[in-house]
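Single-structure report; data block below.
The values are calculated or read from the model by the stated rules, or taken from the named source; none is laboratory data. Quick caveat: nothing in here was measured; it's all calculated off a predicted structure. No Cβ is skipped: glycine too gets one built from the backbone with ideal geometry, and neighbour counts run over all protein chains shown. Side chains included, ligands, DNA and RNA excluded: accessible areas come from the protein's heavy atoms. Shrake-Rupley method; radii C 1.70, N 1.55, O 1.52, S 1.80 Å.
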Amino acid sequence: MQIIRETEALREAVTALRADGGRVAMVPTMGALHAGHMALVAEGRRRAAHVVASIFVNPKQFAPTEDLSTYPRREAGDARMLEDEGCAILWAPDVAAMYPDGFATNISVAGVSEGLDGAARPGHFDGVATVVVKLFNQVRPDVALFGEKDYQQLCVIRRLVRDLDLAIEIVGVPTQRDADGLALSSRNAYLSDEERKAARALPRSLGEAAQAMIEGGDVAEVLDRARTRLAAAGFDPIDYVTLSDAESLAPLATLDRPARLLAAARMGRTRLIDNLPVLSA
Ligand code: PAF
């Protein structure tokens, strides 16, 4: 696996990969890789001849009060995992290569970016959209893979790819979970043992709520019950627990179309998000 840090060298390496006519898949990441990321690489290998992964902790998607400076960084271990999983290239630019002096462009996706995490983390999805368009232009993949765990991010990226006519297939890969049900996330590393145990209430409450809705339970009541369970487990604050249209993420009061149940809440100093698909029976 080649580790590349300069855009020109990346262009040459991707052109060389393409020489055999095979498709190129891309897995954008911020590093601190886990089995969830490896599932994206594995899916990329099924869909393309070559996989390019990127590691870039993108300052534009962190608010000044968030964890940019403490976000886990372990590139050497990440590179070994990517190589073992069959990645051809690791694209690992630094901040100066990504955002040279004078960088002035911002990509903002209206609508789908605005509620949920967009409301709780103003500017976050502009940062994501801007860096993802840059990464796509740098690598020019045929297909790109994103985890459903960051479901709103996936919806934002699907929207921008459609709106900007980017010829890239976007594939969402189901959330990978630990044995206790907690969705894999680089930020789980912040949880103490006690918080980690209490955090199981998040996937459990969402699972129960999804089931209750599928069985015809009143959406508002089911959501209230899930909030109460999360609060009882020690989540504070609870940013949202909501049922949304699976594509636009508009809030739903009844389960009358493909929907997604989404939640975000803080356990100690760690903000966790999770979501599940919910289809009417
Ligand atoms: O999901 C992530 O790791 C990041 O938001 C992404 C898509 C790599 C953009 O920085």
Within the stretch 230-253, which residues are closer than 16 Å to Met213 by Cα and open to solvent by 80 Å² or more (accessible area, probe 1.4 Å)? Pro251, Ala253
Can you tell me which of (1) away from the ligand (no atom under 16 Å from the Cβ); (2) in a strand (DSSP E or B) is the one Gly111 doesn't meet? (2)
Give me the pairs: first residue in the stretch 34-63 and closer than 17 Å to Leu184 by Cα and touching a residue at least 40 places away in the same chain (Cβ under 8 Å), second residue near the ligand (Cβ under 10 Å from one of its atoms) and open to solvent by 30 Å² or more (accessible area, probe 1.4 Å), beta-carbon distance under 7 Å, and six or more apart or on different chains, which are they? Gly36/Lys149
For residues that are within 30 Å of Ala189 (Cβ to Cβ) and open to solvent by less than 40 Å² (accessible area, probe 1.4 Å), tally how many sit in the stretch 4-28. 6
Identify, please: which residue in the stretch 114-130 is within 16 Å of the ligand (Cβ to nearest atom) and hydrophobic (A, V, I, L, M, F, W, C) and is, among those, farthest from the chain's Cα centre (by Cα)? Ala120
Residues that are free of Cβ contacts under 8 Å to residues at least 60 places away in the same chain and either under 21 Å from Ile170 (Cβ atoms) or aromatic (Phe, Trp, Tyr) (or both): list the strands (runs of 3 or more DSSP E) wholly contained in the stretch 226-281 that include at least 3 such residues. none
Within the stretch 55-75, take every residue that is touching a helix residue (DSSP H, G or I) at 6+ places or on another chain (Cβ under 9 Å) and outside any loop (DSSP other than H, G, I, E, B) and give me the one that is most open to solvent (accessible area, probe 1.4 Å). Lys60
Being without any contact (Cβ under 8 Å) to a residue 40 or more places away in the chain and under 27 Å from Ala39 (Cβ atoms) is the requirement here; does Asp84 meet it? yes
Filtered residues of the stretch 76-93 (kept if out of contact with any Lys or Arg (no Cβ under 6 Å at 6 or more places or on another chain) and either assigned to a helix (DSSP H, G or I) or surrounded by fewer than 21 Cβ atoms within 10 Å (Cβ to Cβ) (or both)): Ala76, Gly77, Asp78, Ala79, Arg80, Met81, Leu82, Glu83, Asp84, Glu85
Which ones in the stretch 131-172 are more than 13 Å from the ligand (Cβ to nearest atom), charged (D, E, K, R) and touching a strand residue (DSSP E or B) at 6+ places or on another chain (Cβ under 7 Å)? Asp142, Glu169
Got at least one residue in the stretch 173-186 being modelled with pLDDT under 95 and part of a helix (DSSP H, G or I)? yes
Matching residues in the stretch 29-54 (open to solvent by 20 Å² or more (accessible area, probe 1.4 Å) and part of a strand (DSSP E or B)) number 1
